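Participant: First the structure, then my questions, so here it is.
The values are calculated or read from the model by the stated rules, or taken from the named source; none is laboratory data. Keep in mind the model is a prediction, meaning the values are calculated, not measured. Methodologically, a virtual Cβ is constructed for each residue, glycine included, from the backbone with ideal geometry; neighbour enumeration extends over all protein chains shown.
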Amino acid sequence: MFGSRKLWLVMASAALALAGCGKSDSDSASSSPATKMYTIGFMPKQKGMKYFTSCSQGAQEAAKELKDVNLVYDGPTDGDATKAADLVGQWSLQGFDAILVSAVDPKVLGPAMKKAQDQGIKTLAWDADVATEARSFFVSQATAEEIGNTLVDTMANDLQSSGEVAIISANETAANQNDWIKYMKQRLEKYPQMKLVAIEYPGEDQDKALSAAKTLMKAHPNLKGIFGISSASFPAAAEAVRQEGKIGKLLVTGLSTPNPMKPYVNDGTVKSVVLWNTEDLGYLTVYAAEALCKGTLKPGDTTFHAGRLGDKKIVGSTILLGKILVFTKANIEQYDF
């Protein structure tokens, strides 16, 4: 009888021990820290434009992969820099962890970003920069020199290096486009038979860009080429050539996502479209922001690992996507964005 009682006590003790272990494991699981979520604001120059919508798709892809990013994509639908600065202020008040902007006007966006930075919010620019003191890093498509050189070399190849050319940009305050124009002018010195006769700034407005292109044709009857260096001005200039019956007489090249330009490439209005992978640009930007929030990306770093894109080069405080694409009739149907 004593043996049976002893056996019962041993079994009871074992059961209590197991129960205690179960409780400890449960308590441990419930007390383990949850994954830190970072709220990141991703702002385009102008919400609703196909170029920036494509960038946002890559940004969403990155956020989904990283699992610790709550991504907010928003911005002014009219490209108003003051509204963009106001939104930066709103996000700051809401306690966002990081704010990423493509600056339509760095003089307006810069102070708002600097204020956010002073409040401890991580700040990055992408696509179009602000002043260096207003952000930690700039995520760039490529260097401004590479973009400017590629635009001019492409036009020179299409025009056989001869003829009057003009540039239709967006806003006079757009720092990235102004840098591209600077290097385009320098590169044009390599082609003395190509003469730059005008630069127009219709803003990010396709109707105004269409009108600007038609005005250029009338003012410069010997015009042979137009650079459209925004996603609004390029298709608008191509459409103007169509409407004025100048297909084959006046070529257009520039920067745009491939899908809007496919009809113009297929009918010969455009021979070459210059760009980069816009989804990759958005993807890279969100990866950089998350790493900056976590502290794994720091000033002074020379490389940065960004998911499926692998290691990306950092020059100073600029993270380079680093690959310019040229779409032609031979390859443009391979791309869908």
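Participant: List the number of the failed condition for residue 236; all other conditions in (1) outside the structural domain of residue 68 (by TED's automatic domain parsing); (2) touching a Leu at 6+ places or on another chain (Cβ under 7 Å); (3) surrounded by fewer than 21 Cβ atoms within 10 Å (Cβ to Cβ) hold.
Facilitator: Just one mismatch for residue 236, condition (3).
Participant: Right, another one. Scan the stretch 25-60 for residues that are farther than 30 Å from residue 203 by Cβ and either at pLDDT below 90 or in a helix (DSSP H, G or I) (or both) and jot them down.
Facilitator: The answer is 25, 26, 27, 28, 29, 30, 31, 32, 33, 34, 35.
Participant: Let me ask something else about it. What are the residue pairs meeting all of these: first residue in the stretch 236-263, first residue of a type in the set (D, E, K, R), second residue exposed (fewer than 15 other Cβ atoms within 10 Å of the Cβ) and not in a helix (DSSP H, G or I), Cβ atoms under 8 Å, and 6 or more apart or on different chains?
Facilitator: Within 8 Å, the pairs are 242/267.
Participant: If I filter the stretch 205-245 down to residues being part of a helix (DSSP H, G or I) and among the hydroxyl-bearing types (Ser, Thr, Tyr), which single residue comes out as nearest to residue 275 (Cα to Cα)?
Facilitator: It comes out as 233.
Participant: May I pose another question? Mind listing just one residue for me: the one in the stretch 142-179 that is of a type in the set (Gly, Ala, Ser) and part of a loop (DSSP other than H, G, I, E, B) and, of those, nearest to residue 324 (Cα to Cα)?
Facilitator: 142
Participant: Anything in the stretch 101-141 that is assigned to a loop (DSSP other than H, G, I, E, B), surrounded by 17 or more Cβ atoms within 10 Å (Cβ to Cβ) and not β-branched (Val, Ile, Thr)? List them, or say none.
Facilitator: Within the stretch 101-141, 102, 103, 105, 127, 128, 129, 135, 136, 141 qualify.
Participant: Something else about it: Return the total of residues in the stretch 293-317 being buried (at least 16 other Cβ atoms within 10 Å of the Cβ), part of a strand (DSSP E or B) and modelled with pLDDT of 95 or more.
Facilitator: 2
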